[in-house]
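Working notes, structure below.
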Amino acid sequence: VQLQASGGGLVQPGGSLRLSCAASGNVFRIDTLGWYRQTLGNQRELVADITSGHSTNYADSVKGRFTISRDTAKNTLYLQMNSLKPEDTAVYYCRAEMQVSHMKYWGRGTLVTVSS
């Protein structure tokens, strides 16, 4: 499975961005898709994930502001980020977890900078 994330950029506090992650390869065996983020010197942390049944899970810090979704027909994962804060600044990564094997695949990150 190959994952390609896009949509990062510079946005002012209170603004919005939508990240996309296009999956290719053995997409039919993908179970959970997720967004993670990482800042310099810190561990990568879960932002949100969504199962093949579209059950979602969010980090407390983004609940009510971010929405994760997946378009199965387009093999694409999305993260709608609203009311962005400076502390949301990070490199955002998408991850796919496979059915049965639970192998994880990571895409390259996309940088989100929230600053005035």
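The values are calculated or read from the model by the stated rules, or taken from the named source; none is laboratory data. This is a predicted model, so every value here is computed, not measured. Neighbour counts run over all protein chains shown; Cβ positions are idealised from the backbone, glycine included. Ligands, DNA and RNA are stripped out before the accessible areas are found, and what is left, the full protein with its side chains, is counted by its heavy atoms. Shrake-Rupley method; radii C 1.70, N 1.55, O 1.52, S 1.80 Å.
Points worth noting:
- Among residues of region 104-116 being of a type in the set (Gly, Ala, Ser) and within 22 Å of GLN12 (Cβ to Cβ), the one that is farthest from the chain's Cα centre (by Cα) is SER116.
- For first residues located in region 8-22 and free of Cβ contacts under 8 Å to residues at least 60 places away in the same chain, partners that are loosely packed, with under 12 Cβ neighbours inside 10 Å and lie 6+ apart or on another chain with Cβ distances below 9 Å form the pairs ALA22/LYS74.
Every residue, every condition in (1) open to solvent by less than 20 Å² (accessible area, probe 1.4 Å); (2) within 12 Å of the chain's Cα centre (by Cα), yes or no:
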| position | (1), (2) |
| --- | --- |
| GLY53 | no, no |
| LYS63 | no, no |
| ILE68 | yes, yes |
| ALA73 | no, no |
| LEU84 | yes, no |
| GLN99 | no, no |
| HIS102 | no, no |
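- Within region 10-38, the residues that satisfy the criterion of being out of contact with any Asp or Glu (no Cβ under 8 Å at 6 or more places or on another chain), of a type in the set (A, V, I, L, M, F, W, C) and assigned to a strand (DSSP E or B) are LEU10, VAL11, LEU17, LEU19, CYS21, ALA22, ALA23.
- Scanning region 23-49 for residues that are under 11 Å from the mean Cα position of the chain (by Cα), surrounded by fewer than 20 Cβ atoms within 10 Å (Cβ to Cβ) and of a type in the set (A, V, I, L, M) yields one hit, LEU46.
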